[in-house]
Amino acid sequence: MNSRSSSRAASNAAAFTSSSASSGDSRKRSRNPPTTNPQRPLRSKAKSPFADFRSYMVEKNRKLRAQFQADATTSSLGAGSSRADSGDDKGIFHGVSIFVDGFTIPSSQELRGYMLKHGGRFENYFSKHTVTHIICSNLPDSKMRNLRCEQVFLVNFASSVLICSLLSIVFGLFWLRAFSHGLPVVRPQWVLDCLAANRLLNFCSYFQLIMWGMPMKLVLPPEGQCFRCDGPSGQASEELECMKVEKLFGEINANPESTDLEVKFSVPPASGAIPTPLSMINKSYMGHQKIHESLDSSVNCIGASNQGHSTLTDPNFVENYFKSSRLHFIGTWRNRYRKRFSNLLTGYKSSNEKTNCCVTKQKASIIHVDMDCFFVSVIIRNFPDLVDKPVAVCHSNNPRGTAEISSANYVARNYGVKAGTFVRDAKACCPHLVILPYDFEAYEEVAEQFYSILHKHCSKVQALSCDEAFLDVTVCDDDPEEIASMIRKEIEDTTRCTASAGIAGNLLLAYLATRSAKPNGQRFIPSEKVEDYLKDLPVMALPGIGYATYEKLKSRQIQTCGQMYMISKEALQKDFGIRIGDMLWNYCRGIDNRTVEVVQERKSVGAEVNWGIRFNNLTDCHHFLVNLCKEVSLRLQGCGLQGRAITLKVKKRKKGAAEPLKFMGCGDCESVSRSITVPVATDNVVALQRIAKQIFASFHVECDYEYSHIDVKEVRGIGLHITKLESSDISRKVQLAFMCLTSDQDGDCLKPEGVAKSTLKF
């Protein structure tokens, strides 16, 4: 078709340049536009160095391959080349030719560099004749829909869906025939793992998984080819694949109406083709059945959260966000703790003043107890084979993802993996890192056991988190170190998780002692050794010192407590302010006047979301505010509190700010907030919704300050916080009295349910 068009174009051009008009020339000339100037003849395509587009691409690919070969020769001879260092003339990727489809991490240029350095080939354009592996992270729906089939079989659901599902998911045998022409489609992590192992790994476990709705399409590999996973059965990748199998079975069983499964084969399966992979499936599946049952609830939670990544795609975004949030679990746990141990807290509150009088007459003894890697240890306690392996907890196991690691065990920390690290960076530091999902039910169980043990040994306990607390054992008869040892032993025996403890004369030193005792240890800092302990301690180790304060101290050549000890209090207060300066001066001397507070008064209740916030219009924003107010109202009612001051915080994207590194994160933002104080405290959801909408509407009012105008499309985070709290019982009495004062002249008081509406009239 292309050659025919080129000939026609050449004939037309020749007709315009001819001085004599034959009948054939006249016919050809009549086909051209009448506006063409005969004095300026068209350039013939036949004179072009490329007869058609195909010849152009052939020449372009030839030049690209020649350029790659030249670069590869230079790279292989360089001093930093792995082939030059090891003496291997071929390289790890000898015989491998990759084609990168779409966006990947690492990028296509980085992958090209790996191929250059280690003996592989890189194709800029796909060709089934030259490419051996297709590298991609995601495939669009269009390429999934292009899956062709030669024969279609309806397989009975009860007998064959199990085999087909296991084949497709555990081993990733979705061969995209129309797209890949039978070539393996693998994740870019395969290249990185090959480099880490310094050998070419089996790509079986790196197949790109593709899931879509029923009917299910399965394209098997060409006849005669089979798959073997050479890696050990305990690898994390196999665990997660089997977890996905159980997730799929749960969804299928929930839909009994589906009795048939449409399976598409590229070739008829041989009679002996299934037993080999099926035996491998049974071995892998049975080997990990135990871990699947334990993590089933967490997997379901992840699957639900993956269905909607933002406020635009998930109508129940707020509910799902907090349901799977670790910080939400920690924040709401304190309220559950108060209810669980209410009798102990109430009993201690009545005798608190008497106890404090006795404590002031003797030397204080404080124990700080903190469980080791709580969120990881609780999960792996049932799996001894993971104890010595690097393990982390996160919502996602996507090797190219920007989900943040929530907690990592000490083996993983030795590789540089820590809380807040992106998964992609963690995988780069530790390719064999095992990432597991949360198990909030197990966390709740262990936290309750933890505090039951603490209250058993001490009556004065200050809960800091679900796995951390201060104990004041001043009035206890036993030695503080013996008490700490007994507590730690009982925690390990009961929960099968370890804990560390620090013992000192105040909260600061006890906290620092625990930090130096981790993991699974305890340390006592006597008063006479405080100065020696703090002398070389980095200032960053002190609690309450953030990045900004540390940078200011560093700019003044202050990096240890001993150096800060030489600075006067006045100088510190001048540079850092009265409060922070006083804190720094005291902390570098080991002075901490705080006491263990068993009953801590709550000062605010709220909820804030800074991830996944994207709005198209004001309606989307109002829908989010309605759901956020429901969440805050439930928290207020759960605490038995009501509030009078309502504060709305909004994060908006900075002008010119780039896209955030974290997927659907808030990025570089400006924060604005406004508050409204109502005359009567409330926890009514309708009242909170109307007030929140009113505050948000005030941001749209144009004024002299640029930040007062907010485009809803630029909003990246919203938080609602309630302060000036009162007990619900007291607040209801105040509401009733207030409504009586504002009622009609006949003296009839409005019902308490009507208070919320009246309080909106301000």
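Determine, yes or no, whether Glu570 is touching a residue at least 60 places away in the same chain (Cβ under 8 Å) and not β-branched (Val, Ile, Thr). Steps first, answer last, please.
Values: touching a residue at least 60 places away in the same chain (Cβ under 8 Å): no; not β-branched (Val, Ile, Thr): yes.
Here the answer is no, as Glu570 does not meet what is asked.
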inquiry  = Quick check on Lys652: is it at pLDDT below 90, under 24 Å from the mean Cα position of the chain (by Cα), farther than 30 Å from His455 by Cα and not in a loop (DSSP other than H, G, I, E, B)?
reply    = yes
note = Among the residues of the range 594-621, the number that are at pLDDT 90 or above and over 26 Å from Ser465 (Cα atoms) is 0
task = With respect to Ser516, determine if the residue is crowded, with 22+ Cβ neighbours inside 10 Å, touching a Lys or Arg at 6+ places or on another chain (Cβ under 8 Å), touching a residue at least 12 places away in the same chain (Cβ under 8 Å) and in the same structural domain as Trp333 (by TED's automatic domain parsing).
result = no
ask   = Which condition breaks for Glu597 when tested against (1) of a type in the set (Asp, Glu); (2) in the same structural domain as Tyr451 (by TED's automatic domain parsing); (3) not in a helix (DSSP H, G or I)?
value = (2)
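Would you point out the residue of the range 655-671, among those that are of a type outside the set (A, V, I, L, M, F, W, C) and at pLDDT below 85, that is farthest from Phe624 (Cα to Cα)?
First, pick out the residues of the range 655-671 that are of a type outside the set (A, V, I, L, M, F, W, C): 655-656, 659-660, 662, 665, 667-668, 670-671.
With the extra rule that they be at pLDDT below 85, the set shrinks to 655-656, 659-660, 662, 665, 667-668.
Working: Lys655: 23, Gly656: 25, Glu659: 22, Pro660: 21, Lys662: 21, Gly665: 17, Gly667: 20, Asp668: 21 Å.
Looking at the filtered set, the residue picked out is Gly656.
Take the conditions modelled with pLDDT under 90, in the same structural domain as Asn610 (by TED's automatic domain parsing), more than 33 Å from the chain's Cα centre (by Cα) and under 23 Å from His623 (Cα atoms) and apply them to Val701. Does it pass?
Spelling it out, Val701 is indeed modelled with pLDDT under 90, in the same structural domain as Asn610 (by TED's automatic domain parsing), more than 33 Å from the chain's Cα centre (by Cα) and under 23 Å from His623 (Cα atoms).
Here are some residues: Thr595, Thr647. Which one is within 30 Å of Val461 (Cα to Cα) and surrounded by 15 or more Cβ atoms within 10 Å (Cβ to Cβ)?
On the way: Thr647 fails: within 30 Å of Val461 (Cα to Cα).
Residue meeting the stated conditions: Thr595.
Could you tell me whether Glu492 is assigned by TED's automatic domain parsing to the domain that holds Cys373, surrounded by fewer than 20 Cβ atoms within 10 Å (Cβ to Cβ) and over 29 Å from Lys418 (Cβ atoms)?
Values: assigned by TED's automatic domain parsing to the domain that holds Cys373: yes; surrounded by fewer than 20 Cβ atoms within 10 Å (Cβ to Cβ): yes; over 29 Å from Lys418 (Cβ atoms): no.
Judged against the criteria, Glu492 is not a match.
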inquiry  = Go through (1) under 18 Å from Thr723 (Cβ atoms); (2) at pLDDT 90 or above for Lys693 and report which single condition fails.
reply    = (1)
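This table checks each residue for (1) surrounded by 15 or more Cβ atoms within 10 Å (Cβ to Cβ); (2) among the β-branched types (Val, Ile, Thr); (3) at pLDDT 80 or above.
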| site | (1), (2), (3) |
| --- | --- |
| Ser673 | no, no, yes |
| Gln689 | yes, no, yes |
| Tyr707 | no, no, no |
| His721 | yes, no, yes |
| Val734 | yes, yes, no |
| Ala737 | no, no, no |
| Gly747 | no, no, no |
| Pro752 | no, no, no |
| Val755 | yes, yes, no |
request  = May I ask you to verify whether Val632 is crowded, with 17+ Cβ neighbours inside 10 Å, in contact with a strand residue (DSSP E or B) (Cβ under 8 Å, 6 or more places away or on another chain) and at pLDDT below 90?
outcome  = no
query = Do we find that Ile453 is of a type outside the set (Ser, Thr, Tyr), without any contact (Cβ under 8 Å) to a residue 60 or more places away in the chain and buried (at least 17 other Cβ atoms within 10 Å of the Cβ) in this structure?
reply = yes
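Let's see how each residue does on (1) part of a helix (DSSP H, G or I); (2) within 18 Å of the chain's Cα centre (by Cα):
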| residue | (1), (2) |
| --- | --- |
| Val411 | yes, no |
| Tyr415 | no, no |
| Lys418 | no, yes |
| Arg424 | yes, yes |
| Ala428 | yes, yes |
| Pro431 | no, yes |
| Glu441 | yes, no |
| Glu448 | yes, no |
| Leu454 | yes, no |
request  = State whether the residues of the range 548-558 include one that is assigned to a loop (DSSP other than H, G, I, E, B) and under 27 Å from Arg488 (Cβ atoms).
outcome  = no
request  = Consider Lys603 carefully, then state whether it is among the basic types (Lys, Arg), part of a helix (DSSP H, G or I) and either in contact with a Leu (Cβ under 6 Å, 6 or more places away or on another chain) or at negative phi (or both).
outcome  = no
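The values are calculated or read from the model by the stated rules, or taken from the named source; none is laboratory data. In this text, all values refer to a predicted model and were calculated from it rather than measured experimentally. Virtual Cβ from ideal backbone geometry, glycine too; neighbours counted across all protein chains shown.
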